[in-house]
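Undergrad: Got a structure here, written out as structure tokens. Questions coming.
Only the coordinates and a few stated rules stand behind these numbers; no lab work does. These numbers come from a predicted model, not from an experiment.
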């Protein structure tokens with residue numbers, strides 16, 4: 001029942017098409033930021049059966065940079081419309097603290113660096129039967145802290161839509177039509193001449209053989 005309510009609320013947000021600033025009440029974000037006031041882990045009630053929370057907290061505590069983890073449902077039917085990195089960025093903006101923000105859905109781990117000089121991979125995938133804490137540990141191993149990375153805020157807006165490639169239609173002209181026709185005709189004549197030559201050669205050879213046997 002709770003998941004149904006969550007999906008309905010997310011669908012309403014998606015259908016309204018309003019900007020992020022006008023829809024800060026995503027229940028997942030509100031719940032996660034409230035939980036992060038205590039520690040760096042939030043697990044949605046629908047995921048508690050698969051989350052090894054105590055071990056995940058140990059992994060978070062051992063991280064080389066502040067880490068905030070949200071184990072929540074995500075997908076194309078939520079406000080982020082399948083862009084889990086966007087959800088992570090919105091979580092970061094709502095929480096307002098520098099660090100690496102991570103979204104986990106049980107199969108894939110997504111993350112963004114927020115106002116820290118670090119590289120965080122867009123996503124990693126779980127191995128077969130891998131626990132959430134193991135997935136989290138594998139993701140954190142990929143984080144690189146280095147001053148060459150600019151400590152910028154995480155993205156909170158959708159990526160711009162790529163325009164469809166368009167090619168100009170070839171303009172029809174009489175000259176092109178004649179040229180194409182002449183070209184095709186010339187190739188036909190050349191091909192026909194070659195074929196006729198082969199036929200004549202074969203016929204001459206056959207005639208010589210008949211004379212030799214007579």
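Undergrad: Would you mind estimating how fast the stretch 29-122 diffuses translationally, via Stokes-Einstein at 25 °C and 0.890 mPa s with the Kirkwood radius over Cα pairs, in µm²/s?
TA: 186 µm²/s
Undergrad: Additional query: Report the full-extension gain for the segment residue 108 to residue 77: residue separation times 0.36 nm, less the Cα-Cα distance, to one decimal in nm.
TA: Full extension from residue 108 to residue 77 adds 9.5 nm.
Undergrad: On a full-extension model of 0.36 nm per residue, what is the gain between residue 115 and residue 30, subtracting their alpha-carbon distance, rounded to one decimal in nm? Each step should come with its number before you reach the end.
TA: Details: separation 85, 0.36 × 85 = 30.60 nm, distance 2.06 nm.
Length difference between fully extended and current span is 28.5 nm.
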